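So the structure is just underneath, and the comments pick up after that.
The values are calculated or read from the model by the stated rules, or taken from the named source; none is laboratory data. Keep in mind that this is a model prediction, so the values were computed, not measured. Ideal geometry is used to build each Cβ from the backbone, glycine not excepted, and the neighbour counts take in all protein chains shown. Each accessible area value is taken on the protein alone, full model and side chains, heavy atoms only, with ligands, DNA and RNA left out. Shrake-Rupley method; radii C 1.70, N 1.55, O 1.52, S 1.80 Å.
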Amino acid sequence: MDNYIAPEIWEYTRQIVRNAIGTQAEVKRFEWSDGGGLFCKVFKVNTTEGNFILKVERDKIFFSTRKDQIENEVIGNQLFQKAGIPCANILAYDFTKNDVGVRYVFMEHINNTMEDCPLHGRLDEFDEAIKIEMIRHYKIIFEKMRGMTCSHFGSISPSGVLGRHETYDGYYHSTLNLLINDSIELGIFTDEELDIVKKAAAKPLAYSKKYIPTFVHGDIGYHNTIWGNIKGGENKLYIYDFGNAYYGLPYFEEWILKIHGDNVDIIEVMGLDRNLYENNFIGDFEHMFWRVTEQFTEDYAYCRNWMIPDIEAAKKDTSRTHITDFVDKCCKIL
């Protein structure tokens, strides 16, 4: 991929650096960070005052549930710090575009022992003692996250697009309606398919327990985890990328890790409603929309390297398999 960085990005980065650190700070080097994705551009900024990370929200995010990236990044970071979970300090941010013309967050750089790469796929490169220590940190982080509760389900931002709901049902159906409206705007479904999706989305949830809304990172895993330090301090396990955070079901992060390879059956151990976790209709809808986003994405030089082949394959794919597969799942729900 062409890693060209537009001149205007250089200019507003210099402005952000001087405003956040001081007029004496100068940008020495500027490069893509491995933390980029379909919703935000992420840069590593090397300055005369040290290294920093700049995250800039994309102008176009094709499904509503993934908007509010910068608000979620800032508020999620604040909530983690309050809970005592290691994350980088935020030095500046803007939700409005009034500052430099983009929505951004500017933060400390975490010095990574793996040369600026997340842990995903690289655990075997650490010796056994460090791996054991990282797993211990991970368990502590999850334990602290379970204590991050709230009075509502939905957005962590007061004005967030997901809204705030007293019940999980309210969050669930409101979120599905957002996705349905997005699909109508993009013309994804035929009229017959849309009718099936609407009926499946309107189906009442059946569960027996009342759950306390709990912080959900939304994309936790080793791909958003760094073992490292800030300014030469003690090595810790740092979590980053809070752009998809919301208040949802407790233990949902553990459930996601479980279905992606963890052998511990947390749902049975905790006595939760398995049906509510297994039949994750919102997740299926968003997974379908991910493919649509890949097909529409134009500027993707900033995406993580492993995403590039998927995006290019999606652009060449003229089939509707990802859509019809989702509609088939809707039919099974009915």
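Note on region 167-188: residues that are touching a strand residue (DSSP E or B) at 6+ places or on another chain (Cβ under 8 Å), without any contact (Cβ under 8 Å) to a residue 40 or more places away in the chain and more than 26 Å from Phe95 (Cα to Cα) total 2.
Counting the residues of region 174-230 that are open to solvent by less than 50 Å² (accessible area, probe 1.4 Å), within 23 Å of Leu334 (Cα to Cα) and not polar (S, T, N, Q) gives 14.
The listed residues are Asp273, Asp284, and the only one of them that is more than 17 Å from the chain's Cα centre (by Cα), at negative phi and in contact (Cβ under 8 Å) with a residue 12 or more places away in the chain turns out to be Asp273.
Condition check ((1) out of contact with any His (no Cβ under 8 Å at 6 or more places or on another chain); (2) part of a strand (DSSP E or B); (3) more than 28 Å from Ser159 (Cα to Cα)) across all residues:
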site: Tyr207; (1), (2), (3): yes, no, yes
site: Ile212; (1), (2), (3): yes, no, no
site: Asp219; (1), (2), (3): yes, no, no
site: His223; (1), (2), (3): no, no, yes
site: Glu234; (1), (2), (3): yes, no, yes
site: Phe242; (1), (2), (3): no, no, no
site: Tyr247; (1), (2), (3): no, yes, no
site: Pro250; (1), (2), (3): yes, no, no
site: Lys258; (1), (2), (3): yes, no, yes
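Among what's in region 1-16 and is of a type in the set (Val, Ile, Thr) and outside any loop (DSSP other than H, G, I, E, B), pick the residue that is surrounded by the fewest Cβ atoms within 10 Å (Cβ to Cβ). Here the residue is Ile9. Among the residues examined, Asn19 does not qualify as over 16 Å from the mean Cα position of the chain (by Cα), of a type in the set (S, T, N, Q) and either more than 15 Å from Asp94 (Cβ to Cβ) or part of a strand (DSSP E or B) (or both). The residues on offer are Tyr251, Tyr240, and the sole one that is touching a helix residue (DSSP H, G or I) at 6+ places or on another chain (Cβ under 7 Å), over 27 Å from Glu57 (Cα atoms) and in contact (Cβ under 8 Å) with a residue 60 or more places away in the chain is Tyr251. Residues in region 62-85 that are buried (at least 20 other Cβ atoms within 10 Å of the Cβ) and of a type in the set (Gly, Ala, Ser): Gly76 alone.
Would you confirm whether or not region 310-321 contains a residue that is β-branched (Val, Ile, Thr), open to solvent by 70 Å² or more (accessible area, probe 1.4 Å) and outside any helix (DSSP H, G or I)? The answer is yes; a qualifying residue exists. If only residues of region 114-137 that are crowded, with 17+ Cβ neighbours inside 10 Å and over 13 Å from Asp34 (Cα atoms) are counted, the one that is modelled with the highest pLDDT is His137. Among the numbered conditions (1) within 30 Å of His173 (Cβ to Cβ); (2) modelled with pLDDT of 85 or more; (3) loosely packed, with under 14 Cβ neighbours inside 10 Å, tell me where Met270 comes up short. Tallying (1) within 30 Å of His173 (Cβ to Cβ); (2) modelled with pLDDT of 85 or more; (3) loosely packed, with under 14 Cβ neighbours inside 10 Å, Met270 fails exactly one: (2).
In this structure, Asp284 does not satisfy being part of a loop (DSSP other than H, G, I, E, B), open to solvent by 20 Å² or more (accessible area, probe 1.4 Å) and not hydroxyl-bearing (Ser, Thr, Tyr).
Note on region 195-227: residues that are within 13 Å of the chain's Cα centre (by Cα) and of a type in the set (Asp, Glu) total 1. For region 22-44, filtering for residues that are part of a strand (DSSP E or B), touching a helix residue (DSSP H, G or I) at 6+ places or on another chain (Cβ under 9 Å) and either of a type in the set (Lys, Arg) or open to solvent by 20 Å² or more (accessible area, probe 1.4 Å) (or both) leaves 2. Scanning region 45-61 for residues that are open to solvent by 40 Å² or more (accessible area, probe 1.4 Å) and either closer than 16 Å to Gly154 by Cα or not acidic (Asp, Glu) (or both) turns up Thr48, Asn51, Lys60.
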